[in-house]
Amino acid sequence: MKYVIFDCDSTAGIPGYPMDDALALFYLLGRPEEAEVLGITCTFGNGTANQVYSATSALLSETGWDKIPLYPGAEDGEDPKSPAARFIRETVNARPGEISFVGIGSLTNLYGAWLLDPGLFGKLKEIVLMGGYTAPVLYHGKHLDELNFSSNPRAAACVLTHGRNISILTGNNTLEPSRLPREEFIEKFKASSGAGRYLAEKLGYRFDVKEKKYGEAASYCWDVVASVYLLHPELYIDSPVSCYVTEKGMHSGWLGVTEKAPDTCLLNLPRVKDLSAYRKEMYGGWLDFKVRRKRTMICFTRVPRPGKTKTRLLPVLSPEQCAGLHRAFLEDLSEVYRKIEADVFVAYDEDPDWEVLKEIFPMAAGFFAQSGEGLGEKMDHAIKRVLALGYDMAVLTGTDLPLMKKEHLEDGFQKLRDNDMVLGPTPDGGYYLIGLKKPCSQVFSGQQYGNGSVFENTWKKAEAEGLHVAGAFGCGDVDTPEDLYRLAKEVCPASRTGRYLELLRKEGVRL
């Protein structure tokens with residue numbers, strides 16, 4: 001087991017900024033039997049230290065890994081003896097000879113820890129870095145600037161000349177293994193549930209940036225080469241060499257390989273031995289990474305089958321048209337769900353044809369049949385079921401909601417964060433959304449659904465149970481012909497519902 005301090009300049013999630021630090025971290029988190037990340041320290045490089053801290057905090061929160069300690073580092077030009085540096089010093093001193101330091105940004109935090117404790121380097125088990133170069137790194141015919149060691153030349157020179165047991169994955173040695181073709185990256189993850197899909201959707205933006213700038217449908221994940229080396233050095237060929245390192249040279253990240261001399265330092269510059277084996281391990285770590293989402297959504301629905309759904313619209317539409325319209329609603333809803341950082345479960349009214357829902361909600365974390373007597377008990381059971389899986393909060397919505405947007409759901413989760421329950425009203429006095437942190441059967445029991453006081457009665461029941469309740473944005477649902485006529489005037493023509501309504505018009509339906 002490796003006990004790791006992960007020092008990074010991750011900006012994943014900031015539009016246009018690099019993503020590879022996040023992938024290096026996710027690889028380690030995908031190997032919990034081999035590595036335990038004791039803390040993450042943030043430094044400047046890809047962005048400011050504050051940007052890195054904010055982006056990393058958001059990333060950990062939305063993946064459910066926010067219990068890992070996270071520490072801000074100093075900005076460029078500030079005193080490097082920051083909270084991050086103090087954490088490094090304290091952790092290494094508490095566990096001398098056990099800590100592996102992985103550095104994939106500027107080395108400011110490790111330098112700051114050394115200033116606090118000049119004996120620190122002798123207490124580290126190993127230092128694994130990504131940065132530097134020993135020969136020009138050609139990228140699209142031009143020399144690629146080094147962006148890690150050169151971010152703080154003084155810190156880099158200090159660490160490399162005073163540190164011990166240092167392995168550096170240089171730009172030269174990581175160029176080939178770090179290349180990620182878009183097609184390969186997406187292909188590996190598209191059939192994956194959970195983490196793989198999250199990685200593809202969250203970090204895929206970087207391929208667009210590279211293609212626009214260089215005309216190449218590929219990105220580069222330099223930093224993960226260091227993470228894989230930490231856990232699987234057998235996939236590499238070690239190359240201990242003497243290097244002449246100076247602060248001046250670190251302005252460009254230059255590692256001057258030379259003959260051994262009193263003013264040189266011994267550095268290991270590994271390179272990947274078997275590219276196929278390396279990539280298998282790299283993707284394996286990413287696919288094994290677990291997204292621990294705290295939030296979940298429940299899609300509470302019927303199966304879109306003629307005669308089984310939207311029957312109140314039968315005076316206007318045929319059973320087949322009702323089912324087609326309901327499917328359009330579900331497809332629009334699926335698109336909205338995809339935009340929310342939460343796991344999705346589909347609770348369906350028991351039906352032998354339920355598997356059609358898998359086509360509509362391919363990203364869903366699970367499907368299950370509704371259970372219980374009556375609508376209230378069925379909703380209660382569905383919420384209990386998903387909260388029992390360990391989620392912090394669950395939001396359940398109906399499906400007759402072609403006008404619902406991402407903002408409705410985000411508002412519901414935001415309100416639920418500060419309250420015990422959230423309700424989203426509909427114009428007819430009901431609700432389209434209910435969210436809870438803990439099950440509360442009482443808010444569903446004895447309720448007469450389908451009348452104009454459901455929202456008010458549910459709110460009062462919750463308050464009687466001592467719950468703090470908040471109201472979310474309102475949203476109209478579609479139950480009656482009058483609702484359908486209103487929808488025809490308001491729906492986006494480009495949505496699936498909008499396109500289906502246009503098809504109904506061509507079939508002679510007056511809307």
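The values are calculated or read from the model by the stated rules, or taken from the named source; none is laboratory data. These numbers come from a predicted model, not from an experiment. With ideal geometry, Cβ positions are generated from the backbone for all residues, glycine too; neighbour counts draw on all protein chains shown.
Mind telling me which of the residues 497, 458 ends up being of a type in the set (Ser, Thr, Tyr), touching a Leu at 6+ places or on another chain (Cβ under 9 Å) and under 23 Å from residue 378 (Cβ atoms)? Result of the check over 497, 458: 458. Counting the residues of the stretch 287-317 that are free of Cβ contacts under 8 Å to residues at least 12 places away in the same chain and of a type outside the set (S, T, N, Q) gives 1. Within the stretch 463-497, the set of residues being without any contact (Cβ under 8 Å) to a residue 60 or more places away in the chain and under 33 Å from the mean Cα position of the chain (by Cα) comprises 467, 468, 469, 470, 471, 474, 492, 493, 494.
Considering only the stretch 318-330, I want to know if a residue exists there that is among the charged types (D, E, K, R) and either part of a loop (DSSP other than H, G, I, E, B) or in contact (Cβ under 8 Å) with a residue 12 or more places away in the chain (or both). Working first, answer last.
Pass one, the stretch 318-330, residues among the charged types (D, E, K, R): 320, 327.
Restricting the remaining residues to those that are either part of a loop (DSSP other than H, G, I, E, B) or in contact (Cβ under 8 Å) with a residue 12 or more places away in the chain (or both) gives 320, 327.
Yes, the conditions are met somewhere in the stretch 318-330.
Number of residues in the stretch 489-511 that are closer than 23 Å to residue 429 by Cβ and in a helix (DSSP H, G or I) equals 2. Is it true that some residue in the stretch 246-255 is in a strand (DSSP E or B), surrounded by 14 or more Cβ atoms within 10 Å (Cβ to Cβ) and touching a residue at least 12 places away in the same chain (Cβ under 8 Å)? Looking for residues that are in a strand (DSSP E or B), surrounded by 14 or more Cβ atoms within 10 Å (Cβ to Cβ) and touching a residue at least 12 places away in the same chain (Cβ under 8 Å), one finds at least one in the stretch 246-255, hence yes. One residue stands out in the stretch 386-438 among those that are among the basic types (Lys, Arg) and either assigned to a loop (DSSP other than H, G, I, E, B) or not assigned by TED's automatic domain parsing to the domain that holds residue 470 (or both): the one that is farthest from the chain's Cα centre (by Cα), namely 438.
State whether one or more residues within the stretch 459-477 are in a helix (DSSP H, G or I), among the aliphatic types (A, V, I, L, M) and within 29 Å of residue 311 (Cα to Cα). Even if it seems obvious, please write down each step before you answer.
Just the residues of the stretch 459-477 that are in a helix (DSSP H, G or I), to begin with: 459-464.
Keeping just the survivors that are among the aliphatic types (A, V, I, L, M) gives 462, 464.
Restricting the remaining residues to those that are within 29 Å of residue 311 (Cα to Cα) gives none.
No; the residues of the stretch 459-477 include none that is in a helix (DSSP H, G or I), among the aliphatic types (A, V, I, L, M) and within 29 Å of residue 311 (Cα to Cα).
Counting only strands (runs of 3 or more DSSP E) that fall entirely inside the stretch 91-199 and contain at least 1 residues that are in contact with a Gly (Cβ under 6 Å, 6 or more places away or on another chain) and within 21 Å of residue 257 (Cβ to Cβ), the qualifying elements are 126-130, 166-169.
The one condition from (1) over 25 Å from residue 76 (Cβ atoms); (2) in the same structural domain as residue 105 (by TED's automatic domain parsing); (3) surrounded by fewer than 15 Cβ atoms within 10 Å (Cβ to Cβ) that residue 212 does not meet is (2). Only a single criterion out of (1) of a type outside the set (Phe, Trp, Tyr); (2) buried (at least 18 other Cβ atoms within 10 Å of the Cβ); (3) within 21 Å of residue 335 (Cα to Cα) is not satisfied by residue 474, namely (2).
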